[in-house]
Amino acid sequence: MSALRIPAGRGASEVVEKRSSFLGLIEPAEDEEKARSIIAQVKKQHRDARHNCWCYRLESGPERYSDDGEPQGTAGIPMLEVLRKQNVTNAVCVVTRYFGGVLLGTGGLLRAYTQAAKEALDNAGIKEVLPEKTLFVRCPYAFSDRFRQETEAFGGHIVSVVYESEVLYTVRVLEEKAEAYAARIFDASSGRINCETL
């Protein structure tokens, strides 16, 4: 199973082109909800900027981008190409432009947005991780300790726990181990627990 290349963390950059300032940001994002949340935060933070162009690329979903009012094809696509060329996924990139009063033309915009995205990614760094699967598990209280032990033995990690009439676990395990993990939990619980894929 091939590893995913994702941003190692948050990366920022600043590129100045003919007095226009381009502020780049790259962050990891595992799903569209997270990507859109980051974009919304940047837009709120830089609401006085002329443009907040963005793109994201997800392993389990779509690629999306926006030129946010810049000439078509001069911002979102060049930023997305930076992620594609490095084969980086589960990443969101936002480049904020503060206009400096000088028009840059198509070539100037392409260069500036590409450079801001590339420098932000360089500053974030790239790490390789094996793909994981998220599972939802309803577990009787009496089996909870055993469930935690079995999860740990499979190298899984518990993302969230909700205590209701049963314990509701959200668990992440390596994709290649997910089927065997679900079978093990089913067997160990004498068929009482089914792991559901989220």
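Is at least one residue of segment 117-139 of a type outside the set (S, T, N, Q), modelled with pLDDT under 95 and over 25 Å from the mean Cα position of the chain (by Cα)?
yes
Out of the residues in segment 150-192 meeting the condition of being surrounded by 13 or more Cβ atoms within 10 Å (Cβ to Cβ) and aromatic (F, W, Y), tell me which one is farthest from T134 (Cα to Cα).
The residue in question is F186.
From the set of residues in segment 103-160 that are part of a strand (DSSP E or B) and among the aliphatic types (A, V, I, L, M), which is nearest to A75 (Cα to Cα)?
Looking only at segment 103-160, we keep the residues that are part of a strand (DSSP E or B), and these are 126-129, 132-139, 157-160.
Filter once more, so that each one left must be among the aliphatic types (A, V, I, L, M): 126, 129, 135, 137, 158-159.
Details: I126: 22, V129: 28, L135: 37, V137: 42, I158: 39, V159: 35 Å.
Among residues in segment 103-160 that are part of a strand (DSSP E or B) and among the aliphatic types (A, V, I, L, M), the one nearest to A75 (Cα to Cα) is I126.
In segment 74-110, how many residues are without any contact (Cβ under 8 Å) to a residue 12 or more places away in the chain and more than 17 Å from D122 (Cβ to Cβ)?
Qualifying residue count for the region: 3.
Across segment 7-34, what is the number of residues that are surrounded by 20 or more Cβ atoms within 10 Å (Cβ to Cβ) and at pLDDT 90 or above?
12
Is it fair to say T134 is among the polar types (S, T, N, Q), in contact with a Leu (Cβ under 6 Å, 6 or more places away or on another chain) and farther than 19 Å from S189 by Cβ?
Against the criterion (among the polar types (S, T, N, Q), in contact with a Leu (Cβ under 6 Å, 6 or more places away or on another chain) and farther than 19 Å from S189 by Cβ), T134 qualifies.
Starting from segment 43-63, take each residue that is in a strand (DSSP E or B) and list its partners that are of a type in the set (G, A, S) and exposed (fewer than 14 other Cβ atoms within 10 Å of the Cβ), counting only C-beta distances under 6 angstrom and pairs at least six apart or across chains.
H51/G69
The values are calculated or read from the model by the stated rules, or taken from the named source; none is laboratory data. Just so it is clear, the model here is predicted, and its values are computed rather than measured. Glycine gets a Cβ as well: all are built from the backbone with ideal geometry, and neighbour counts include every protein chain shown.
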